[in-house]
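Asks: Before I ask anything, here is the structure I am working with.
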Amino acid sequence: MRLITWNINSVRARLDIVKQLIEEYQPDVLCLQETKVQDHMFPEKFFAENGMPHLAIHGQKSHHGVAIAAKGEFADSFKIDWCEKGDARHVAIKLNEGPTVHNFYVPAGGDEPNPEVNDKFAHKLEFLEEMTEWSAQLDEPSILVGDLNIAPLEEDVWDHKKLLKVVSHTPVEVEAMLKLMEAHSWHDVMREFVPENEKLYSWWSYRARDWSKADKGRRLDHVWTSPSLKGKAVKMEVLRNARGWEKPSDHAPVLVDFEF
């Protein structure tokens, strides 16, 4: 099974590159974040015409939004309302005779890494805390993917020291993510293929005139598996070239091949 996760930053605005991705990389399961579209306006016909007719969508107007498109039918789908805010930040599918795939879009957290003065950062920490409690109770084989908006390791950012006070790489966020991972013994699939002492990014800011040359990236996108699925991933690739496609997202897709 080929799974690709991608923060698309508005699915309707980027259907051309979604089509390019599907044609070039042939995912069996495509997890999208920041779709920015209400469910009744989601481009279902487009996905059907491009060989991925089976959908689980969770959207809202203008903001957030997640979706999973699949080539084949899945057994079930559901979504969770984290922090009781009504935000569209999670959707999941139960694969036929396979694990459950959870697709997340974790709050970015604003600019100030202080929950006492920044409600957005407080929300992010609360969201991670709820995910941790949920992970501790999870009792089925699962794959967790998405834009988690945290780059936890030193080599997940272009400059560890310069970004210690920048939201996405602050010690409080990293500690929260580590607690989340420990709660279910989540396995970091991307770092199974790229050692922790090597740079690994999935996001490059739009602000850089030449993002590739500057290469000031962060690894905000993740693929984790339950302990029972460790070793089932046989390939991982950050599709960096997609960051340079026409009208790109600021995130690159992450591709993982599984053999169950």
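The values are calculated or read from the model by the stated rules, or taken from the named source; none is laboratory data. All figures in this text were calculated on a predicted structure; none of them were measured in a lab. A quick note on method: Cβ atoms are made from the backbone with ideal geometry, for glycine too, and the neighbour counts reach across all protein chains shown.
Asks: Out of the residues in region 180-197 meeting the condition of being part of a loop (DSSP other than H, G, I, E, B), more than 18 Å from the chain's Cα centre (by Cα) and in contact (Cβ under 8 Å) with a residue 12 or more places away in the chain, tell me which one is surrounded by the fewest Cβ atoms within 10 Å (Cβ to Cβ). Walk me through how you get there before you give the answer.
Replies: At the first step, the residues of region 180-197 found to be part of a loop (DSSP other than H, G, I, E, B) are 185-186, 189, 194-197.
Retained after the next criterion (residues that are more than 18 Å from the chain's Cα centre (by Cα)): 185, 195-197.
Now narrow it down to the ones that are in contact (Cβ under 8 Å) with a residue 12 or more places away in the chain: 185, 196-197.
On the way: Ser185: 13, Glu196: 12, Asn197: 8.
That would be Asn197.
Asks: Here is a further query. Please name all residue pairs, on different chains or six or more residues apart, with Cβ atoms under 6 Å, provided the first residue is in region 46-58 and is free of Cβ contacts under 8 Å to residues at least 40 places away in the same chain and more than 21 Å from Lys36 (Cβ to Cβ) and the second residue is of a type in the set (A, V, I, L, M) and not in a helix (DSSP H, G or I).
Replies: Qualifying pairs under 6 Å: His54/Ala70.
Asks: Residue check, Glu34 against (1) surrounded by fewer than 18 Cβ atoms within 10 Å (Cβ to Cβ); (2) on the phi > 0 side of the Ramachandran plot; (3) of a type in the set (Asp, Glu), all met but one. Which one?
Replies: It fails just one condition, (1).
Asks: Kindly list the number of the only condition in (1) touching a strand residue (DSSP E or B) at 6+ places or on another chain (Cβ under 9 Å); (2) surrounded by fewer than 20 Cβ atoms within 10 Å (Cβ to Cβ) that fails for Glu130.
Replies: So Glu130 meets the others, but not (1).
Asks: What are the pairs with Cβ atoms under 8 angstrom where one residue, in region 4-22, is in contact (Cβ under 8 Å) with a residue 40 or more places away in the chain and the other, located anywhere, is assigned to a helix (DSSP H, G or I) and of a type in the set (Val, Ile, Thr)? Sequence gap at least six, or different chains.
Replies: Close Cβ pairs satisfying both conditions: Ile8/Val18; Val11/Val18.
Asks: Could you please tell me which pairs satisfy a Cβ distance under 9 Å, a separation of 6+ or placement on different chains, a first residue in region 91-102 that is on the phi > 0 side of the Ramachandran plot, and a second residue that is at pLDDT 95 or above and assigned to a loop (DSSP other than H, G, I, E, B)?
Replies: Pairs that qualify, where the first residue is on the phi > 0 side of the Ramachandran plot and the partner is at pLDDT 95 or above and assigned to a loop (DSSP other than H, G, I, E, B), are Glu97/Ala75.
Asks: For Lys230, only one of the following conditions fails: (1) over 30 Å from Asp16 (Cβ atoms); (2) out of contact with any strand residue (DSSP E or B) (no Cβ under 6 Å at 6 or more places or on another chain); (3) basic (Lys, Arg). What is its number?
Replies: Tallying (1) over 30 Å from Asp16 (Cβ atoms); (2) out of contact with any strand residue (DSSP E or B) (no Cβ under 6 Å at 6 or more places or on another chain); (3) basic (Lys, Arg), Lys230 fails exactly one: (2).
Asks: Still on this structure, I have one more. Do you know which residues across region 165-179 are surrounded by fewer than 18 Cβ atoms within 10 Å (Cβ to Cβ) and among the hydrophobic types (A, V, I, L, M, F, W, C)?
Replies: Our first condition is that a residue be surrounded by fewer than 18 Cβ atoms within 10 Å (Cβ to Cβ); within region 165-179, this holds for 165-166, 171-172, 175, 178-179.
Those that are surrounded by fewer than 18 Cβ atoms within 10 Å (Cβ to Cβ) and among the hydrophobic types (A, V, I, L, M, F, W, C): Val166, Val172, Leu178.
Asks: Please go through region 233-260 and pick out each residue that is surrounded by fewer than 15 Cβ atoms within 10 Å (Cβ to Cβ) and touching a strand residue (DSSP E or B) at 6+ places or on another chain (Cβ under 7 Å).
Replies: Scanning region 233-260 gives Val234, Lys235, Glu259.
Asks: In addition: Taking region 218-228, which residues are assigned to a strand (DSSP E or B) and either of a type in the set (S, T, N, Q) or touching a helix residue (DSSP H, G or I) at 6+ places or on another chain (Cβ under 8 Å) (or both)?
Replies: Once the filter is applied, which keeps residues that are assigned to a strand (DSSP E or B) and either of a type in the set (S, T, N, Q) or touching a helix residue (DSSP H, G or I) at 6+ places or on another chain (Cβ under 8 Å) (or both), region 218-228 yields Arg218, His222, Val223, Trp224, Thr225.
Asks: Then there's this: Which ranges mark the strands (runs of 3 or more DSSP E) fully within region 73-146 that have 1 or more residues being aromatic (Phe, Trp, Tyr)?
Replies: The qualifying strands (runs of 3 or more DSSP E) are 76-78, 100-105.
Asks: Could you please let me know if Arg209 is surrounded by fewer than 22 Cβ atoms within 10 Å (Cβ to Cβ) and assigned to a loop (DSSP other than H, G, I, E, B)? Spell out the reasoning first.
Replies: Details: surrounded by fewer than 22 Cβ atoms within 10 Å (Cβ to Cβ): yes; assigned to a loop (DSSP other than H, G, I, E, B): yes.
Criteria met by Arg209.
Asks: Taking region 229-260, which residues are at pLDDT 95 or above, among the hydrophobic types (A, V, I, L, M, F, W, C) and assigned to a loop (DSSP other than H, G, I, E, B)?
Replies: Selection gives Leu239, Trp245, Ala252.
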